[in-house]
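Novice: Can you read through this structure? Questions will come right after.
The values are calculated or read from the model by the stated rules, or taken from the named source; none is laboratory data. All values reported here derive from a predicted model rather than from experimental measurement. Counting neighbours? That spans all protein chains shown, and the Cβs are built from the backbone with ideal geometry, glycine included.
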Amino acid sequence: MFQGFKKLDAFLSKYEKFIISTHESPDGDGLGAEIAFNELLTAFNKTVYILNSDPVPDKFLFIDPDKEINIFNNNLNLPPFNALHEYAVFVLDTNDFNNIGAVYNHIKNKVKDVFIIDHHEGGEDKFEDNFIKAEASSASEIIYDIIKYYNKKPSFKAAQALYAGILFDTGSFRYPKTTPETFRIIANLVELGANPFNIYEKIYESNSLDSFELRARMLSSMEIHFNKKLIMMKLTPQMLKETGAPFTEGELNINLPLTVDGVVASVLVKQNTDGQIKVSMRTKGDYDVAAIAMAKGGGGHKNAAGFKSKISFDETCREVIKEMSKFFPEN
């Protein structure tokens, strides 16, 4: 049995009140895992609040039909803020507590304890005390396993959320961590009511015209490097202001260059209207971008990783191309 279950047992038996959170700019996997895990903890008669730093992107609103996800702001009036010292925190889909965004600074020195449930490479120092399973396809897959470990049956809502999370984080079941077990889980979620067509349509075929225009601007920014093997795109505050599209929609375009024949690497340098400069990297094959990300304080998977930059936008573009050049020595 995976040792993470015993650690989770101990954590759950130790505390009665919990805050669940995921990384800033939440995606389908983090959100899906939160909804299903919240259902499990509630079944144990625990007091639970989901609290994220950033809003749920429109395309993922269907994951939270009962509006259980609370978005942090300084005026938010939730019971935890009156007694944070009574709460422990579950951090899902990231192995860094401080990667949950603005919520972190508000609760970091006040809560009782923190437990991480994650599937990303890196952060080996956190493996001993948390539930980190790097070989899992997604955080949602881990939450499914946890639900089964406790002999619980996901509701339709939880099944839909977990399906959406696994679909999103496996790149529609095509990324390397997609295993036969992933498909067995997916089959069970469909049996519980998750509708593959409806979920795919909501995530990938419900873009606004603003988002489509943003995609066009991002594509027009592309640079082609290393004998047409790498494409870099940019997502700037100016693009967001001019199109009115949400930042989260732009982030999803990182995968577009990999649909081009011969392209094995995609890089997106991005900045929200009031945010930090970030870099996302995607590759095919044996190009390990997780190593680059971790060296810069970030993380991710072998073929999908990212980090936050401390230098200017243009310097970041030059720096990441320099880092990626190690994969293409012939160029």
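Novice: Does Leu8 qualify as being assigned by TED's automatic domain parsing to the domain that holds Asn82, out of contact with any Lys or Arg (no Cβ under 9 Å at 6 or more places or on another chain), aliphatic (A, V, I, L, M) and surrounded by fewer than 22 Cβ atoms within 10 Å (Cβ to Cβ)?
Specialist: Values: assigned by TED's automatic domain parsing to the domain that holds Asn82: yes; out of contact with any Lys or Arg (no Cβ under 9 Å at 6 or more places or on another chain): yes; aliphatic (A, V, I, L, M): yes; surrounded by fewer than 22 Cβ atoms within 10 Å (Cβ to Cβ): yes.
Yes: the conditions hold for Leu8.
Novice: Asp58: touching a residue at least 24 places away in the same chain (Cβ under 8 Å), closer than 21 Å to Ala161 by Cα and surrounded by fewer than 18 Cβ atoms within 10 Å (Cβ to Cβ), yes or no? Quick ask: steps written out before the conclusion?
Specialist: Numbers: touching a residue at least 24 places away in the same chain (Cβ under 8 Å): yes; closer than 21 Å to Ala161 by Cα: yes; surrounded by fewer than 18 Cβ atoms within 10 Å (Cβ to Cβ): yes.
Here the answer is yes, as Asp58 does meet what is asked.
Novice: Could you tell me which numbered condition Asn99 fails, if it satisfies all but one of (1) polar (S, T, N, Q); (2) within 18 Å of the chain's Cα centre (by Cα); (3) at pLDDT 95 or above?
Specialist: (3)
Novice: Conditions first: (1) in contact (Cβ under 8 Å) with a residue 40 or more places away in the chain; (2) in a helix (DSSP H, G or I). Val269 passes all but one, so which condition is the exception?
Specialist: Status for Val269: all satisfied but (2).
Novice: Give me a count of the residues in the range 276-312 that are part of a helix (DSSP H, G or I), exposed (fewer than 15 other Cβ atoms within 10 Å of the Cβ) and at pLDDT 95 or above.
Specialist: Number of matching residues: 0.
Novice: Which one of these does Asn255 not meet: (1) buried (at least 19 other Cβ atoms within 10 Å of the Cβ); (2) within 25 Å of Asn99 (Cβ to Cβ); (3) polar (S, T, N, Q)?
Specialist: Result: Asn255 fails condition (1) only.
Novice: Run down Lys228, Lys234, Lys202 and say which single residue is over 30 Å from Phe5 (Cα atoms) and buried (at least 21 other Cβ atoms within 10 Å of the Cβ).
Specialist: On the way: Lys228 fails: buried (at least 21 other Cβ atoms within 10 Å of the Cβ); Lys202 fails: buried (at least 21 other Cβ atoms within 10 Å of the Cβ).
None of the other options fit; the residue is Lys234.
Novice: Cβ contacts < 9 Å: first residue more than 16 Å from Glu141 (Cα to Cα), restricted to the range 182-206; second residue in a helix (DSSP H, G or I) and of a type in the set (Asp, Glu), any location; separation 6+ or different chain. Result?
Specialist: Ser206/Asp58
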